[in-house]
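Q: A single structure is presented below for examination.
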């Protein structure tokens, strides 16, 4: 397996699952290829739906390692009314965590609530 050095990127929020922390259209600065850190927002590959439909890359809250398998991670949404998280699809492998959200750069620069370090 090839390990890349950390590198920055941008992600635009498109859904309501992280509301009220994030809103559709928010532009986020992400550091890719960094180790997972509990209680931060991450960009992750989600598993497909039960019928095999692929899910898009998503921003979720990494709450911590799965208690039954510490090599896997538990992801949660902030909005319980919409979206999907580990309560629906279970924990994800470490390889599914692509990067950590560093901050929001548009439209309201800074740290949007809990979970985004400054």
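What follows is calculated from the coordinates using simple rules that are stated; it is not laboratory data. As the structure is a computational prediction, the values presented were derived from the model and not from experiment. Cβ coordinates were reconstructed from backbone atoms using ideal geometry, including for glycine residues, and neighbour counts include every protein chain displayed.
Q: What ranking do 97, 105 get, fewest neighbouring Cβ atoms within 10 angstrom at the top?
A: Listing 97, 105 from fewest to most nearby Cβ atoms yields 105, 97.
Q: Given q = 0.10, 0.11, 0.16 Å⁻¹, what are the Debye log10 I(q)/I(0) values for the chain, with equal point scatterers placed on the Cα positions and solvent ignored?
A: The computed values of log10 I(q)/I(0) come out as -0.27, -0.33, -0.71.
Q: On full extension of the chain, what length is gained from residue 37 through residue 82, given 0.36 nm per residue of separation minus the C-alpha to C-alpha distance?
A: Full extension of this stretch gives 13.8 nm more.
Q: Let me ask another. Mind checking which of 68, 91, 14 has the largest fluctuation in a GNM of the chain, springs on alpha carbons under 10 Å?
A: Looking only at 68, 91, 14, the biggest GNM fluctuation is shown by 68.
Q: Taking neighbour counts of Cβ atoms within 10 Å as a proxy for exposure, in what order, fewest first, do 108, 55, 77 appear?
A: Going from least to most buried by this count: 108, 55, 77.
Q: Given springs between every Cα pair under 10 Å in a Gaussian network model of the chain, which of 85, 69, 26 has the largest fluctuation?
A: Looking only at 85, 69, 26, the biggest GNM fluctuation is shown by 69.
Q: Further question on the same structure: Show that you can apply the helix-only estimate: for the chain, add -39,500 (n - 2.57) for every DSSP H stretch of four or more residues, divide by all residues, and state [θ] at 222 nm to the nearest 500.
A: Computed mean residue ellipticity for the chain: -500 deg cm²/dmol.
Q: Now a separate question. Gaussian network model of the chain, Cα springs within a sub-10 Å range: biggest mean-square fluctuation belongs to which of 41, 57, 88?
A: In the Gaussian network model the winner is 88.
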